[in-house]
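Only one structure is covered here, and it is reproduced in the block below.
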Amino acid sequence: LAKTTQPISMDSYEGQEVNITCSHNNIATNDYITWYQQFPSQGPRFIIQGYKTKVTNEVASLFIPADRKSSTLSLPRVSLSDTAVYYCLVGFIPISSGSARQLTFGSGTQLTVLP
Amino acid sequence: EPEVTQTPSHQVTQMGQEVILRCVPISNHLYFYWYRQILGQKVEFLVSFYNNEISEKSEIFDDQFSVERPDGSNFTLKIRSTKLEDSAMYFCASSTGTGAPRVKNIQYFGAGTRLSVL
């Protein structure tokens, strides 16, 4: 499994864009990059997933450079309710059914949004 | 939006007692998982389940633990003789896997059951 490194914590103010970068220097060719969000006393929630370049959905954007050794989760115009722990996960995505994979969570980044 | 539901939200038990944690995965999902998170620590994988059998399990998932899908909707985690160190949040998750290529293993988590062993 590729080891990931992300900041332990970040602070931001409401309305700002937040970028959380994750390093994964030993990412393998078949690995995808997935981000989850976790609020206190709740289960992790899927945010976004990508393989290369840029992916955008209604919640966030994910930027992945050509060498794929890092990725950046971008949250536009954060609000107080975006205060949570954000996890970067790197792993193999199965290409056929019958081979689901466990998720391996690191310590994540505690994002605190201030008023 | 479909969701994974877990009951109870909080379970208090005495050390040595058996507990069963219950989960209803999303209805068209085929893969089921249990994770746990001790207070202040990482989310840890316990076990995955597919086609009525265990697919993978971690070293945490020893003989005290078992999983079952007793009917078409429920997925349970049983701890036979609870220990103090079993106190944690237990999360159930499920994912789809219907044979399409590039299944992305996006797992959907329930809100968790807080297990307190006294």
In straight Cα distance, which lysines are under 29 Å from A:Lys3, not counting same-chain residues fewer than 8 positions off?
-> A:Lys52, A:Lys54, A:Lys69, B:Lys42, B:Lys57, B:Lys104
Would you mind calculating the relative contact order of chain B from Cα pairs under 8 angstrom and at least 6 residues apart, reporting the percent as a whole number?
-> 38 percent
Projected area of the protein assembly as shown, taken from the Cα convex hull and averaged over every viewing direction, in nm²?
-> 12.8 nm²
Computed for chain B: size of charge dipole around the Cα centre, +1 on C-beta of each Lys and Arg, -1 on C-beta of each Asp and Glu, debye to nearest 20, value 200 debye
Per DSSP, loop trypsin sites (Lys or Arg not before Pro) in region B:1-92 with at most 11 further Cβ within 10 Å | B:Lys83
The answer for GluC sites (Glu not before Pro) in region A:1-81 that fall in a DSSP coil and have at most 11 neighbouring Cβ atoms within 10 Å is A:Glu17, A:Glu58
What is region A:9-114 by shape, rounded, prolate or oblate, if you read a ≥ b ≥ c off the alpha carbon gyration tensor as root eigenvalues and call it rounded for a/c under 1.5, prolate for a/b larger than b/c, and oblate otherwise?
-> prolate
Along the charge dipole of region A:9-114, Cβ charges K/R +1 and D/E -1, which of A:Ala84, A:Gly43, A:Leu111 sits furthest on the positive end?
-> A:Gly43
Paramagnetic label zone (point 7 Å from Cα along Cα-to-C-beta, A:Glu14; backbone N under 12 Å) in region A:71-93 = A:78-82
Tell me, what is the per residue accessible area of the protein assembly as shown in Å², probe radius 1.4 Å?
-> 50 Å²
With charges only on Cβ, +1 for K and R and -1 for D and E, what is the dipole size of chain A about its Cα centre, in debye, rounded to 20?
-> 380 debye
By how many nm would the segment from B:Lys78 to B:Glu56 grow when fully extended, if each residue of separation counts as 0.36 nm and the alpha-carbon distance is taken off?
-> 6.3 nm
Using the Cα gyration tensor of chain B, with a ≥ b ≥ c the square roots of its eigenvalues, what is the shape: rounded (a/c below 1.5), prolate (a/b larger than b/c) or oblate (neither)?
-> prolate
Place a +1 charge on the Cβ of each Lys and Arg in the protein assembly as shown and a -1 charge on the Cβ of each Asp and Glu, then give the dipole magnitude about the Cα centre in debye, rounded to the nearest 20.
-> 400 debye
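The values are calculated or read from the model by the stated rules, or taken from the named source; none is laboratory data. Worth saying up front: this structure is predicted, and the values here are computed from it rather than measured. Glycine gets a Cβ as well: all are built from the backbone with ideal geometry, and neighbour counts include every protein chain shown. Side chains are part of the model used for accessible areas, which takes the heavy atoms of the whole protein and leaves out ligands, DNA and RNA. Shrake-Rupley method; radii C 1.70, N 1.55, O 1.52, S 1.80 Å.
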